[in-house]
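Step one of this worksheet: look at the structure below.
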Amino acid sequence: MPELKFNTAEEIDAAYITLQATFRAGTTRPLSWRKRQLNQVILMLRENIEAIVQALATDLRKPRLEALGGEIGPMVRRAKQSAAQLDEWARDESPQVPEWQRAWSPTILKRPKGVILVVSPWNYPIYLSLQPIIGAIAAGCPAVLKPSEVSPNVSSLLADLFPKYLDPSAYRVINGGVPEITHVLKLKWDHITYTGNGTVARIISRAAAEHLTPVTLELGGKSPVVIDPETTNLKIAAKRVLWGKTLNAGQVCVAPDYVLIPRSAQDAFVEAIKEAAVELKLDGALASDSFASIVSDTHFKRLRSIMTRSSGKIVVGGDAIEEQRRITPTVYRDVKENDSLLEGEIFGPILPIVPVDNIRQAIEYINAHPHPLVLYAFTDDPEVKQALRDETRSGGLHFNDVHQHMSVDQLPFSGVGESGHGSQALKFTYDEYTYLRSSVTVPFTAEPLVSLRYPPYTEAATQA
Ligand code: NAD
């Protein structure tokens, strides 16, 4: 795999000019053209499975099963479904109107916003790059993809594959680091989708504001897990939560970040976690192909630092191999509120258990922190479920398992507050890049009907 080639400012400007011209020429507008491009995305993924799996393995040591099931498979499915449903999504709508306005043919037209910029991260570099691109194609918008320089093999592969499969006058990959993306952000885009962290999201939002460009922000944060020991199966809950932390070595935006559990049940939950760790063979994780690595030395050092500074007690894991950037999934108990593990999003295979007095205190803890991307709860108590629905805010609300809401294609994926705004997935992505254009045709025969509006205003018109 070649070293990641960064694009020059001249190349970026030229790509931008080309895409603008393509949009103005109407190339991306016909639904038949969009469907062909969507089919090309499917072909690109299918014909390059091995190259993609290899690039993901080189960048992240991502296991083959996770590459197929978590990156390639969902994007093939969503490109297929988008092509199949496009006619229905793009259909003009005629709203119900009062009798006297019917002759005006009021219509809602679905129109492409224009040229889209997609800035994607390294943790699911295929999924998070292609989901917005699929949406842009479906909506009839050209797009520039700026993948992450932190996953250089995947970013390089995408730059190689795009021109082979997609119309290069409409879809381009721009690679680079901060100077290149800073240049990209000076240009006026018609919509920007950014997936990543809150600090960069603020930079993107400020740049977008200069041009009044709308943005979709898919961010992260600390997604809590509430365990209600009275009504849940602790054994299954522990296994599901622990698995959620091992997937992609915990480098998942919706990874369960920490557990809130009533103090009286902590011992039992820890025992269940230990049993689950044996079942998942976590003691062999450092040598196993079933566990991904930490993406970079910087990320590895950050994780080791929060681990060594924690005053929680390790009950599972704790080992690491620096040269391979691998960390055994590690669980801490008795983690207190000001602990290093609770400072920011962990984004690694580390699970702190935070004991609380009761479920009510867990809800108060969640509400005292930024709204998470997802709130997980293991409970079958209808009142607890209702309290979580009504009294907390989060992008997703997920009962009795983790990560599964991502696999329901028909659900919108989005954050709220600091976890982001705007939605993704199938029609929700299509809608982000589509604007609703209102149209009426007022017939000249309506002149008698509208004549009251003309000045000079009469008493009769004011009464009417
Ligand atoms: P990252 O470092 O790869 O950054 C994402 C993108 O931002 C990259 O393309 C990068 O080039 C660009 N970037 C970096 N610095 C920039 C700057 N100064 N100005 C403009 N652009 C810049 O990824 P990351 O931020 O480390 O990703 C991890 C975060 O993303 C976590 O917080 C995670 O929760 C979140 N995330 C959210 C979702 C979601 O769908 N909500 C999905 C995945 C990850």
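In region 382-418, the qualifying residues are those that are surrounded by fewer than 17 Cβ atoms within 10 Å (Cβ to Cβ), of a type in the set (A, V, I, L, M, F, W, C) and part of a loop (DSSP other than H, G, I, E, B), and the one that is farthest from the ligand (Cβ to nearest atom) is VAL408. The set of residues from region 178-231 being surrounded by fewer than 22 Cβ atoms within 10 Å (Cβ to Cβ), among the hydroxyl-bearing types (Ser, Thr, Tyr) and closer than 30 Å to ALA387 by Cβ comprises just one member, THR231.
Residues that are more than 21 Å from ALA51 (Cβ to Cβ) and within 13 Å of the ligand (Cβ to nearest atom) occur in region 140-147; there is at least one.
Could you tell me whether any residue of region 426-436 is of a type in the set (Asp, Glu) and outside any loop (DSSP other than H, G, I, E, B)?
Looking for residues that are of a type in the set (Asp, Glu) and outside any loop (DSSP other than H, G, I, E, B), one finds at least one in region 426-436, hence yes.
Within region 349-361, which residues are surrounded by 24 or more Cβ atoms within 10 Å (Cβ to Cβ) and part of a loop (DSSP other than H, G, I, E, B)? Across region 349-361, the qualifying residue is only PRO349.
Scanning region 5-26 for residues that are β-branched (Val, Ile, Thr) and either out of contact with any helix residue (DSSP H, G or I) (no Cβ under 7 Å at 6 or more places or on another chain) or exposed (fewer than 15 other Cβ atoms within 10 Å of the Cβ) (or both) gives THR8, ILE17, THR18, THR22.
When SER156, SER151 are checked against the criterion of being surrounded by fewer than 24 Cβ atoms within 10 Å (Cβ to Cβ) and within 14 Å of the ligand (Cβ to nearest atom), SER156 stands alone in meeting it.
Looking only at residues that are in contact with a Phe, Trp or Tyr (Cβ under 8 Å, 6 or more places away or on another chain) and in a helix (DSSP H, G or I) in region 277-300, which one is surrounded by the fewest Cβ atoms within 10 Å (Cβ to Cβ)? Working first, answer last.
So the first thing to find is which residues in region 277-300 are in contact with a Phe, Trp or Tyr (Cβ under 8 Å, 6 or more places away or on another chain), and the list is 280, 285, 294-295, 299.
Now narrow it down to the ones that are in a helix (DSSP H, G or I): 285, 299.
Values: ALA285: 21, HIS299: 19.
So the residue we want is HIS299.
Of everything listed in (1) aliphatic (A, V, I, L, M); (2) buried (at least 24 other Cβ atoms within 10 Å of the Cβ); (3) without any contact (Cβ under 8 Å) to a residue 24 or more places away in the chain, the single unmet condition for ILE137 is (3). Mind listing just one residue for me: the one in region 125-183 that is of a type in the set (Ser, Thr, Tyr) and in contact with an Asp or Glu (Cβ under 6 Å, 6 or more places away or on another chain) and, of those, nearest to GLY70 (Cα to Cα)? Out of the qualifying residues, it is TYR127.
So, in region 303-324, of the ones that are in contact (Cβ under 8 Å) with a residue 12 or more places away in the chain and in a loop (DSSP other than H, G, I, E, B), which residue ends up farthest from PHE291 (Cα to Cα)?
Looking at the filtered set, the residue picked out is SER311.
Evaluated against (1) surrounded by 14 or more Cβ atoms within 10 Å (Cβ to Cβ); (2) at pLDDT below 95, LEU303 falls short on exactly one condition, (2). The sole residue among THR462, THR441 that is in contact (Cβ under 8 Å) with a residue 40 or more places away in the chain, loosely packed, with under 11 Cβ neighbours inside 10 Å and either more than 30 Å from the chain's Cα centre (by Cα) or not in a helix (DSSP H, G or I) (or both) is THR441. The residue of region 370-381 that is surrounded by the most Cβ atoms within 10 Å (Cβ to Cβ), among those that are in contact with a strand residue (DSSP E or B) (Cβ under 8 Å, 6 or more places away or on another chain) and assigned to a loop (DSSP other than H, G, I, E, B), is LEU373.
For ALA67, indicate whether it is without any contact (Cβ under 8 Å) to a residue 60 or more places away in the chain and either more than 22 Å from ILE327 (Cβ to Cβ) or not β-branched (Val, Ile, Thr) (or both).
Judged against the criteria, ALA67 is a match.
Looking only at region 87-107, how many residues end up being over 27 Å from GLY135 (Cβ atoms) and either assigned to a helix (DSSP H, G or I) or free of Cβ contacts under 8 Å to residues at least 60 places away in the same chain (or both)? Within region 87-107, residues that are over 27 Å from GLY135 (Cβ atoms) and either assigned to a helix (DSSP H, G or I) or free of Cβ contacts under 8 Å to residues at least 60 places away in the same chain (or both) number 9.
The values are calculated or read from the model by the stated rules, or taken from the named source; none is laboratory data. Computed from a predicted structure; not experimentally measured. Using ideal geometry, Cβ is built from the backbone for each residue, glycine included, and neighbour counts are taken over all protein chains shown.
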